[in-house]
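**Student:** This is the structure I want to talk about, given as structure tokens.
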Amino acid sequence: MNINVINATIQTTSADAILVGLFKGGEISPAVISATDKALNGSISELLRANDFRGELNEAAVIYSHGAIPASRVIIVGLGKVEELSLERIRQTSATGAKKARELGCKVIASSVFGAEAVEISSAAQATIEGVLLGSYRWRKNHTSPVERGDIESLLLVESDKGKISAVESGASVGQAVASGVYRARDLVNQSPNIMNPGGLAQAARDMAIEAGVQCTVHELDWIQAQKMTAFLSVTQGSAYPPKFIVLEYKGSDAEPLVFVGKGLTFDSGGISLKNADGMEDMRSDMGGAAAVIGAFEAIAKMKLPIHIVGLIAACENMPSGTAYRPADVVTARNGRTIEIISTDAEGRMTLADALDYAAEFKPKAVIDLATLTGACVTALGQNVAAGYFANNDSLAQKVDEASRASGEKLWRLPLYTEYRDKIKTDYADLKNSGGIGSGVGSSAVFLEEFTSYPWAHWDIAGMVLDKTGPTAYYPLTHPPHIIRGATGFGVRALVSFARNWA
Ligand code: BES
Ligand code: MN
Ligand code: ZN
């Protein structure tokens, strides 16, 4: 979608539809609405008087202009109560408006900055663009049939006050960069694991790197062996696909880097500790952490943030076979620690152990890993409610909280209590890879902690990478009447917020 910011009034802009937001409570107060209403000879007032529209959150109505203004349609979207307006509501309502416009077959739309009366203008512009773009996402790469209605081709973001144009422009360009990263992460997760296999993921990282102007190195099996990443290698040994160790680097400054590590299981069957068949296809999303890292790199590079970041992905597949690792195996991680395998389905922490240990080579200021690590985290915080995070450093935790708040991606801190360490003790090795039922999401986090030596945060995003409760306004991918399983791109927005505050 083409996006342009223009200095004009919405009611005089030519488009297939103009989008305007309206608060609950009835009166036509904000300037944009009253001017549009006047130009339409009171059609919006009439709609309200008839009680056909109340301004409820995400309510949408269409008015035809009959030539009273250059645009043929006006799409009115309810913003809810003015005192409850938030950036999250701006994202949702602008997404609702864009989806309505696409349904009607509109190709060129014009929108005011949603919620600009109540929120700082450049953040409101960013949120409006994020909503329009994220709500317009669809997954069509593996379909051969055409869509019934094509995509919106062009969006004009209209601001009448010349003094606000540069703030709107900068917010819109941030929104576009963020959305391009989220689109990329969604595409990677939605792509099937026979295509998005470890080699496919490595190629996708290279493609992003070339497009966004960042460095990408893909290490092959021999390098991984030379690094003695035996914990990572044990997971991949049952798969026919060779593993890849992906390194991304964006150098917007000479400072020591921030390192983002993404869990990159292109498919998690559970291995010998095989998962149930029901819903196993969702394990296409077990590289959602890697996808978020790749998407965040794209956005950060496009925004040219003055920071130094490194991205690490140990990409492989977890399969049962005659060469697969097995429960009772003992393997030696890169840092020399021995691990007894209890469950081959606790594979993510094995791959992350070696990637986290390798991260120390970059002398990082901080490391954040993103992983679809545990069902226990989903049980604790709920599907599509919040990701859990752990941190060994309070000031880093505070920055994670700020990034969560600013981006609208919910992350809730969980404790690294020493009691969890007892759960992964074993007589057979230094530690075991699973504490078993009842050991809590914390036992997976203290396992990872064993491989860290720097300020570190671990985000368990297992319940967030697929939209299973939607459709919501800007997570629009659904497959009724089956389970809903579209990728959200979760993590990109929070990582970008984190990076912007870090800069
Ligand atoms: N990839 C899964 C975690 C997961 C579960 C992600 C549900 C998304 C949705 C992970 O590798 C896994 O299998 N975890 C096990 C760990 C257990 C064996 C200790 C789990 O949570 O059951
Ligand atoms: Mn698993
Ligand atoms: Zn997994």
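**Student:** Output the residue which, of all residues in region 244-275 that are more than 16 Å from ligand 1 (Cβ to nearest atom) and assigned to a loop (DSSP other than H, G, I, E, B), is surrounded by the fewest Cβ atoms within 10 Å (Cβ to Cβ).
**Tutor:** Keep residues of region 244-275 that are more than 16 Å from ligand 1 (Cβ to nearest atom), which gives 244-260.
Subset that is assigned to a loop (DSSP other than H, G, I, E, B): 252-257.
Details: Gly252: 17, Ser253: 13, Asp254: 7, Ala255: 12, Glu256: 14, Pro257: 22.
My answer is Asp254.
One line per residue, one yes/no per condition, for (1) open to solvent by 20 Å² or more (accessible area, probe 1.4 Å); (2) under 24 Å from Glu298 (Cβ atoms):
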| position | (1), (2) |
| --- | --- |
| Arg138 | yes, yes |
| Val147 | yes, no |
| Val168 | no, yes |
| Gly181 | no, yes |
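**Student:** Mind checking whether some residue in region 389-400 is within 16 Å of ligand 1 (Cβ to nearest atom), within 27 Å of Leu258 (Cα to Cα) and either open to solvent by less than 50 Å² (accessible area, probe 1.4 Å) or hydrophobic (A, V, I, L, M, F, W, C) (or both)?
**Tutor:** Yes, because at least one residue in region 389-400 is within 16 Å of ligand 1 (Cβ to nearest atom), within 27 Å of Leu258 (Cα to Cα) and either open to solvent by less than 50 Å² (accessible area, probe 1.4 Å) or hydrophobic (A, V, I, L, M, F, W, C) (or both).
**Student:** Can you tell me which residues in region 100-138 are among the aromatic types (Phe, Trp, Tyr) and out of contact with any Gly (no Cβ under 8 Å at 6 or more places or on another chain)?
**Tutor:** Across region 100-138, the qualifying residue is only Tyr137.
**Student:** Give me the pairs: first residue in region 210-232 and in contact (Cβ under 8 Å) with a residue 40 or more places away in the chain, second residue acidic (Asp, Glu) and surrounded by 13 or more Cβ atoms within 10 Å (Cβ to Cβ), beta-carbon distance under 6 Å, and six or more apart or on different chains, which are they?
**Tutor:** Within 6 Å, the pairs are Ala212/Glu298; Met229/Asp354; Ala231/Asp354; Phe232/Asp354.
**Student:** Do we find that Gln215 is touching a strand residue (DSSP E or B) at 6+ places or on another chain (Cβ under 6 Å), of a type outside the set (Val, Ile, Thr) and either within 16 Å of ligand 1 (Cβ to nearest atom) or in the same structural domain as Met319 (by TED's automatic domain parsing) (or both) in this structure?
**Tutor:** Spelling it out, Gln215 is indeed touching a strand residue (DSSP E or B) at 6+ places or on another chain (Cβ under 6 Å), of a type outside the set (Val, Ile, Thr) and either within 16 Å of ligand 1 (Cβ to nearest atom) or in the same structural domain as Met319 (by TED's automatic domain parsing) (or both).
**Student:** Another question, if that's okay. Out of all the residues in region 388-398, is one or more among the polar types (S, T, N, Q) and in a helix (DSSP H, G or I)?
**Tutor:** Yes, region 388-398 has at least one match.
**Student:** Among residues belonging to region 310-341 that are more than 20 Å from Asp268 (Cα to Cα) and within 23 Å of the chain's Cα centre (by Cα), point out the one that is nearest to ligand 3 (Cβ to nearest atom).
**Tutor:** Step by step, filter region 310-341, then rank; the result is Gly311.
**Student:** Go through Leu274, Leu248, Leu265 for me and flag whichever is away from ligand 3 (no atom under 16 Å from the Cβ), assigned by TED's automatic domain parsing to the domain that holds Asn190 and closer than 30 Å to Gln383 by Cβ.
**Tutor:** Leu248
**Student:** Could you list all residues from region 44-60 that are outside any loop (DSSP other than H, G, I, E, B), out of contact with any Ser or Thr (no Cβ under 7 Å at 6 or more places or on another chain) and surrounded by 18 or more Cβ atoms within 10 Å (Cβ to Cβ)?
**Tutor:** Answer for region 44-60, where residues must be outside any loop (DSSP other than H, G, I, E, B), out of contact with any Ser or Thr (no Cβ under 7 Å at 6 or more places or on another chain) and surrounded by 18 or more Cβ atoms within 10 Å (Cβ to Cβ): Leu47, Leu48.
**Student:** Kindly evaluate Asn392 against the criterion of being more than 20 Å from Leu416 (Cα to Cα) and away from ligand 2 (no atom under 13 Å from the Cβ).
**Tutor:** no
**Student:** Looking at Met319 and the list (1) more than 26 Å from Ile195 (Cβ to Cβ); (2) touching a Phe, Trp or Tyr at 6+ places or on another chain (Cβ under 8 Å), which single condition is not satisfied?
**Tutor:** The single condition Met319 does not satisfy is (1).
**Student:** Looking only at region 332-351, count how many residues are among the hydroxyl-bearing types (Ser, Thr, Tyr) and near ligand 1 (Cβ under 10 Å from one of its atoms).
**Tutor:** Total satisfying the criteria: 3.
**Student:** Follow-up question, since we're still on this one. Which of the numbered conditions does Gly435 fail, given that it passes all the others? Conditions: (1) assigned to a loop (DSSP other than H, G, I, E, B); (2) surrounded by 16 or more Cβ atoms within 10 Å (Cβ to Cβ); (3) more than 16 Å from ligand 2 (Cβ to nearest atom).
**Tutor:** (3)
**Student:** Being under 23 Å from the mean Cα position of the chain (by Cα), crowded, with 24+ Cβ neighbours inside 10 Å and under 27 Å from Ala403 (Cβ atoms) narrows it down to one residue among Ser94, Ser86, Ser111, Ser122; which is it? Even if it seems obvious, please write down each step before you answer.
**Tutor:** Details: Ser86 fails: crowded, with 24+ Cβ neighbours inside 10 Å; Ser111 fails: under 23 Å from the mean Cα position of the chain (by Cα); Ser122 fails: crowded, with 24+ Cβ neighbours inside 10 Å.
On inspection, the qualifying residue turns out to be Ser94.
**Student:** So, one more: What number of residues within region 161-204 satisfy the criterion of being within 16 Å of the chain's Cα centre (by Cα) and in a helix (DSSP H, G or I)?
**Tutor:** Counting residues in region 161-204 that are within 16 Å of the chain's Cα centre (by Cα) and in a helix (DSSP H, G or I) gives 17.
**Student:** Please verify whether Glu281 is under 30 Å from the mean Cα position of the chain (by Cα), crowded, with 23+ Cβ neighbours inside 10 Å and either more than 16 Å from ligand 3 (Cβ to nearest atom) or in the same structural domain as Leu265 (by TED's automatic domain parsing) (or both), treating the condition exactly as stated. Write out each step before concluding.
**Tutor:** Working: under 30 Å from the mean Cα position of the chain (by Cα): yes; crowded, with 23+ Cβ neighbours inside 10 Å: no; either more than 16 Å from ligand 3 (Cβ to nearest atom) or in the same structural domain as Leu265 (by TED's automatic domain parsing) (or both): yes.
It is false that Glu281 is under 30 Å from the mean Cα position of the chain (by Cα), crowded, with 23+ Cβ neighbours inside 10 Å and either more than 16 Å from ligand 3 (Cβ to nearest atom) or in the same structural domain as Leu265 (by TED's automatic domain parsing) (or both).
The values are calculated or read from the model by the stated rules, or taken from the named source; none is laboratory data. Computed from a predicted model, the values in this text were never measured in an experiment. Note: ideal-geometry Cβ built from the backbone for every residue, glycine included; neighbour counts use all protein chains shown. Surface areas here come from the heavy atoms of the whole protein model, side chains and all, with no ligands, DNA or RNA. Shrake-Rupley method; radii C 1.70, N 1.55, O 1.52, S 1.80 Å.
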